[in-house]
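What follows is one structure encoded as structure tokens, with my remarks underneath.
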Amino acid sequence: MATPSSFSITTPIFYVNDVPHIGHAYTQVAADVLARWHRQSGDDTWFLTGTDEHGQKILRTATANGVTPKEWADQLVKSAWLPLLETIDISNDDFIRTTEPRHEENVQKFLQKLYDDGHVYDGEFEALYCVGCEEFKPKSEIVDGTGAFEGEKVCIIHSKPLELLQEKNYFFRMSAFQDRLLALYEERPDFVQPPSARNEVIAFVQQGLDDLSISRSSFDWGIPIPWDSSHVTYVWFDALLNYITAAGYGSDEAKFDERWPATHVVGKDILRFHAVIWPAMLMAAGIEVPKQVFAHGWLLVGGEKMSKSKLTGIAPNEITDVFGSDAFRYYFSRAVSFGHDGSFSWEDLASRYQAELANGFGNLASRVLAMNVKYFDGVVPAAAEETEADAAIRELVARAAVAADEQMERLAVHEALASIWEIVDALNGYITDQEPWVLAKSEETRARLGTVLATATEGLRALAVLLSPVLTEATQKLWVALGADVALGELRAQNLREAGAWGLLPAGTKLGQLDALFPRIETAE
Ligand code: MSP
């Protein structure tokens, strides 16, 4: 069992039929911020992401492009999915591809165990399948087509016709787990979050669970069923197992004990797979269920779920090329309340960049450093007697750090950022009120000037640490400019749970040069 100070977190593994858009990058940034927060808080952290490479969707795309599915997947992983991790600065500890032997072999072990233990049977099957979802659709998600698809049944999510499949399949006796699943949601209210997601899952399971078709025989791009090689494993059954095959299931039990169970961050469209099918599979195999399944909302563009098939897809580098990866990470962590849908717009992104990052945080850092250079030769001054205004900053830093930690602990990333941002706003107000440029005019107020700049500089020290899981580049630059790398060691080594302490950056620390953290963006008129 993972120890209380260990933290494992995963993203869904991404389909490689196409290149990433900002919806995918959003999931990754959220999980990355949480992973970095825990890692830098001293928790033994493991962060997994990867790619989902089997199934009909990939097979069809590859065939249409005249290559084998493996060639297609290799190409997309190399040219698009791995580079995305660099583009948005993801700190994953592992990247699993479902075509790797470490995955395929252990999926087969898992299946064989379920088969041997009587959880699998074979039967005839006829149902409507959506290749976009890679799922036999429940009645509630089948609607009548309109326009070009008039008279056909279409998928409510993809608005594309469903395909009637008639095959001999192997089935997982999922229906047998209905009561145990309901008991799980009851006993562990945090298991599925946020509450809206939990309610949806409970209502779905209460309606009654069908058994799950777990094999396909009409194509062969998948993991062969170990006892019947004329079938391949259903792609979702294969994909969900990535979370444990990467953690060491079947190959490294000691590692598996450390890494499992994990927290899963998923989009709400794939909640049911993670909160119903996946725990039922694990229960059948006698493996602990996940620690938590957290469903985030959709990024909406023009009021609709952003998607490439609906031509609203935006590539992450369209944003990072202009605003940088920090702004990308900040915007999606701050502007979207985690667990709810959020609308993306270029105007909102640009205005938050200017107001919050450039004018709010960036300017604060440049002004404080510049005043230290101007009035104290680029050395952190000593603080003299503390006034109420200074104490208010010190207390706010301590409070905000504790609040942010508690908020990150319950995956409220946007709330944690808002808490930390109170420090940015308070420090800007403090500088305006204290008017160091006036204090600098007289020798008599020199001690007070030192206290004001020491307070503001120490505030920046705390901000650099607290914001480092989100603004990975800017905080590093600030850290070096504060001379903190020499005085206190590497930024990554600063414990976040101690970031709210006061007086850490010693007087006398030599400050360096700081270029604008968030330069002005020239927009084409
Ligand atoms: N391969 C499956 C997941 C298997 S996990 C065992 C899959 N892949 S996906 O590439 O289609 O989607 C991956 C993630 O991206 C999902 O969490 C999905 O919700 C998320 N997003 C895709 N479009 C999105 C938005 N427009 N907004 C937010 N997240 C979105 O599903």
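The values are calculated or read from the model by the stated rules, or taken from the named source; none is laboratory data. Computed from a predicted structure; not experimentally measured. Here the Cβ positions follow ideal geometry from the backbone for every residue, glycine too, while neighbour counts run over all protein chains shown. The accessibility values were calculated without ligands, DNA or RNA, using every heavy atom of the protein model including side chains. Shrake-Rupley method; radii C 1.70, N 1.55, O 1.52, S 1.80 Å.
Which percent, nearest 5, of DSSP beta bridges in the chain are antiparallel?
Working: 25 of 48 bridges.
If I count the DSSP bridges inside the chain, around 50 percent turn out antiparallel.
Can you list the equivalent-ellipsoid semi-axes of the stretch 1-132, largest first and in whole Å, using the square root of 5 times each Cα gyration tensor eigenvalue?
Numbers: eigenvalues 168, 112, 34 Å².
Rounded to whole Å, the semi-axes are 29, 24, 13.
Using alpha-carbon pairs under 8 Å, 6+ residues apart, how would you state the relative contact order of the chain in percent? Show your work: numbers first, answer last.
Working: 854 pairs, mean separation 81.9, N = 525.
Taking the mean separation of contacting Cα pairs over the length of the chain, I get 16 percent.
In Å, what Kirkwood hydrodynamic radius results for the stretch 346-498 from the alpha-carbon pair distances?
Numbers: mean 1/r = 0.0623 Å⁻¹.
Hydrodynamic radius (Kirkwood, Cα only) of the stretch 346-498 equals 16.1 Å.
Using the charge dipole of the stretch 219-341 (Lys, Arg: +1 at Cβ; Asp, Glu: -1 at Cβ; taken about the Cα centre), state which of LEU271, ILE314, PHE219 has its Cα farthest towards the positive end.
After comparing all options, I get ILE314.
If TRP502, TRP221 are ordered by their accessible area, calculated over protein heavy atoms with a 1.4 Å probe, which sequence runs from highest to lowest? Write down the numbers at each step before the final one.
On the way: TRP502 75, TRP221 40 Å².
Ranking TRP502, TRP221 by accessible area, largest first, yields TRP502, TRP221.
In terms of solvent-accessible area of protein heavy atoms at a 1.4 angstrom probe, what is the ranking of TYR121, TYR375, TYR170, highest value first? Spell out each step's value before the answer.
Working: TYR121 70, TYR375 40, TYR170 15 Å².
From most exposed to least exposed: TYR121, TYR375, TYR170.
Once amide H atoms are placed 1.01 Å from N in the peptide plane, what residues at a sequence separation of 5 or more from SER343, or on another chain, have their amide H within under 5 Å of its amide H?
LEU300
If you place +1 on the Cβ of every Lys and Arg and -1 on the Cβ of every Asp and Glu, how big does the dipole about the Cα centre of the stretch 346-498 come out, in debye to the nearest 20? Working shown, then result.
Values: 13 positive and 24 negative charges, 81 e Å.
For the stretch 346-498, the charge dipole is close to 380 debye.
When the chain is fully extended, how far beyond the present Cα-Cα distance does ASP269 get from GLN513, taking 0.36 nm per residue of separation?
Working: separation 244, 0.36 × 244 = 87.84 nm, distance 4.68 nm.
The ASP269-GLN513 span can extend by a further 83.2 nm.
Can you tell me how the stretch 104-210 classifies by the Cα gyration tensor, rounded, prolate or oblate, using a/c under 1.5 as the rounded cut? Don't skip to the answer; put the middle values down first.
Numbers: a/c = 2.26, a/b = 1.23, b/c = 1.83.
Cα axes put the stretch 104-210 in the oblate bin.
Enumerate the whole-percent occupancy of each 10 Å bin, from 0 to the last occupied one, for all C-alpha pair distances of the chain.
Here the calculated profile for the chain is 4, 17, 26, 23, 15, 9, 5, 2, 0, 0.
Using a probe radius of 1.4 Å on heavy atoms only, what accessible surface per residue do you get for the chain? Whole Å² is fine. Before the final figure, lay out the partial values.
On the way: 21710 Å² over 525 residues.
On a per-residue basis, the chain sits at 41 Å².
Computing the accessible area with a 1.4 Å probe over protein heavy atoms, can you report the carbon and sulfur percentage for the stretch 203-297?
Working: 1260 of 2770 Å².
Heavy-atom surface of the stretch 203-297 belonging to carbon and sulfur, 1.4 Å probe: 46 percent.
Taking the Cα centre of the chain as origin, sum charge times position over the Cβ atoms of Lys and Arg (+1) and Asp and Glu (-1), and report the length of that vector in debye to the nearest 20.
Details: 45 positive and 76 negative charges, 81 e Å.
Once rounded to the nearest 20, the dipole reads 380 debye.
How large is the Kirkwood hydrodynamic radius of the stretch 352-405, in angstrom, based on all distinct alpha carbon pairs? Present the calculation step by step, with values, prior to reporting the outcome.
Values: mean 1/r = 0.0750 Å⁻¹.
Taking the inverse mean of 1/r over all distinct Cα pairs, the stretch 352-405 comes out at 13.3 Å.
Dipole of the stretch 346-498 (Lys/Arg Cβ +1, Asp/Glu Cβ -1, origin at the Cα centre): which of LEU478, ALA456, ILE420 lies farthest to the positive side?
With unit charges placed on the Cβ atoms, the residue in question is LEU478.
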